[in-house]
Amino acid sequence: MRLPLNLSIALSSLSAHKWRAILAMVGVFLGALAFTGVEHASKIMAKQTQLETEKLGPNLYVVMAGQIRFRKRGGVRTFGVARNFSLSDAHAVIDGVPSILEGTPYVMTNMQVRGGGNAITAKLLATEPNYQIIRNFYPESGRFFSKAEVDSRAKVCVLGQAVAERLFGETGKAIGQSIYLYRASFRVIGVMEPKGADLSGEDQDEYLFIPITTYMRRTSNQDWISGVFLRLANGADLDQVKASATAVMRERHGIGEGQNDDFSTMSPKDVIKLQQQALELMAVLGGITSSISFAVGGLGILSIMILVVRARRIEIGVRRAVGGRRRDIVRQFLFESGLMAGIGGACGVVVTVILVSVGCSIAGLPIVLEPASLLLTLVGSCVLGIAAGAYPAWQAANIEILEVLKN
């Protein structure tokens, strides 16, 4: 019976001073919202990064011509592209670097494409059949080109989802059609599954795939490639892979000590590391913001509870006179301050859940909810309220009965 009575008294007190109580709870609400919001944002971005890493391919590593720079928002930019990265360089890296299971050289460029009565610019990627495995990227309809077609320099192609739609309106109409790269006709044998942008910032649905030998001999007549995609063994030491690949390439390109590389190496973890730095900064700023909000909320609760004690001196004196114990008074006021903070924290938690669910659904991000974090925030809010109400509760318990009743 004591808990319902305490709850009734607490609700009556909060109702009597509802605006002051609301202002006190707002601080705790904002603190809970900031803390849980930032933590969930970090978890969501980490999950999104994991999904984006899977788009790049399992244990992917890339050695490419030219120098790259990582953009702060996650993409990469290539500049100073060298034209001395050869097929033999690619095979030397594949054969000479430990932990590499397989690799595929590639050439990437932009090209005008005509087909279905339309003309567009697409990203052309010339490669080999094992590109599918290395990049974890497979045809949704039709098939990828075979090793025999690579060896024979066949004029066949596979379209990304966006390319097929832009040329033929529907992906299902693309199979068996012909497209033109310059004046050369290529037969469409497949359409890739939808993939979207990866961590490097490239939209893989905008790719057009042809055999690398066809491009290098029939389309452009060139001897250089853009780089090589590599699939590493599970648990491969990335530092060792980078050191070995760098040593092989520098030796083959005759790069002396102190000279800059004319190539770059990259793994998804390089991009992830940059994103994690941004997330860590966001978490620190969010922690500072939530701490300030919680502190303001605690001070607000302290202030209102002091005012409540002064306003209820007669009530406290009467309760003491009819047998109320000091500890009962203390418990009552601690219950009220904890309830006030708990309501603010609960509102913050509920709003976080709503924002995460709705925001992730709209933005197409994975929904990540951490029950332990939400529960910890709720419990922490209550503890903050109890701590803030400790001094006013002590004041209430030490009110002199005769002095109050005499007035």
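The values are calculated or read from the model by the stated rules, or taken from the named source; none is laboratory data. Fair warning: this is a prediction, and the values are worked out from it, not measured in the lab. A quick note on method: Cβ atoms are made from the backbone with ideal geometry, for glycine too, and the neighbour counts reach across all protein chains shown.
Applying the selection to the range 196-243, what residues are touching a strand residue (DSSP E or B) at 6+ places or on another chain (Cβ under 9 Å), of a type in the set (D, E, K, R) and part of a helix (DSSP H, G or I)?
Start the filter on the range 196-243 by keeping residues that are touching a strand residue (DSSP E or B) at 6+ places or on another chain (Cβ under 9 Å), which leaves 196-197, 199-216, 218-220, 222-233, 236, 238, 241-242.
In the following step, the residues that additionally are of a type in the set (D, E, K, R) were identified as 202-203, 205-206, 218, 223, 231, 242.
Within the range 196-243, D205, E206, R218, K242 qualify.
Please give the number of the condition V228 fails out of (1) more than 12 Å from V63 (Cα to Cα); (2) β-branched (V, I, T); (3) at pLDDT 85 or above.
(1)
Of everything in the range 154-176, what is surrounded by fewer than 16 Cβ atoms within 10 Å (Cβ to Cβ), in a helix (DSSP H, G or I) and touching a residue at least 40 places away in the same chain (Cβ under 8 Å)? Give them in sequence order.
Scanning the range 154-176 gives a single hit, K173.
Determine if the range 175-194 includes at least one residue that is under 29 Å from the mean Cα position of the chain (by Cα) and among the small types (G, A, S). Show your work before the answer.
Taking the range 175-194 first, the residues under 29 Å from the mean Cα position of the chain (by Cα) are 191-194.
Narrowing the set further to residues that are among the small types (G, A, S) leaves none.
Within the range 175-194, none of the residues are under 29 Å from the mean Cα position of the chain (by Cα) and among the small types (G, A, S).
Go through the residues of the range 385-395 one by one and say whether even a single one is farther than 24 Å from A21 by Cβ, not in a loop (DSSP other than H, G, I, E, B) and not hydrophobic (A, V, I, L, M, F, W, C).
For the range 385-395, residues farther than 24 Å from A21 by Cβ, not in a loop (DSSP other than H, G, I, E, B) and not hydrophobic (A, V, I, L, M, F, W, C): absent.
Restricting the search to the range 87-109, which residues are in contact with a strand residue (DSSP E or B) (Cβ under 6 Å, 6 or more places away or on another chain) and not in a helix (DSSP H, G or I)?
Across the range 87-109, the qualifying residues are S99, I100, L101, E102, G103, T104, P105, Y106, V107, M108, T109.
Please verify whether G74 is of a type in the set (G, A, S), buried (at least 17 other Cβ atoms within 10 Å of the Cβ), modelled with pLDDT under 95 and outside any strand (DSSP E or B), treating the condition exactly as stated.
yes
If we scan the range 89-97, do we find a residue that is within 16 Å of T265 (Cα to Cα), of a type in the set (D, E, K, R) and either at pLDDT below 90 or surrounded by 15 or more Cβ atoms within 10 Å (Cβ to Cβ) (or both)?
Yes, the conditions are met somewhere in the range 89-97.
Looking at the range 226-246, which of its residues are loosely packed, with under 15 Cβ neighbours inside 10 Å, of a type outside the set (A, V, I, L, M) and in contact (Cβ under 8 Å) with a residue 40 or more places away in the chain?
N234, D237, Q240
Just wondering, is there one or more residues in the range 369-379 that are in contact with a helix residue (DSSP H, G or I) (Cβ under 8 Å, 6 or more places away or on another chain), in a helix (DSSP H, G or I), modelled with pLDDT of 80 or more and of a type in the set (A, V, I, L, M)?
Scanning the range 369-379, I find at least one residue that is in contact with a helix residue (DSSP H, G or I) (Cβ under 8 Å, 6 or more places away or on another chain), in a helix (DSSP H, G or I), modelled with pLDDT of 80 or more and of a type in the set (A, V, I, L, M), so the answer is yes.
Given the criteria among the β-branched types (V, I, T) and assigned to a helix (DSSP H, G or I), does I179 qualify?
Working: among the β-branched types (V, I, T): yes; assigned to a helix (DSSP H, G or I): no.
Criteria not met by I179.
From the set of residues in the range 247-302 that are at pLDDT 80 or above, among the charged types (D, E, K, R) and part of a helix (DSSP H, G or I), which is surrounded by the fewest Cβ atoms within 10 Å (Cβ to Cβ)?
E251
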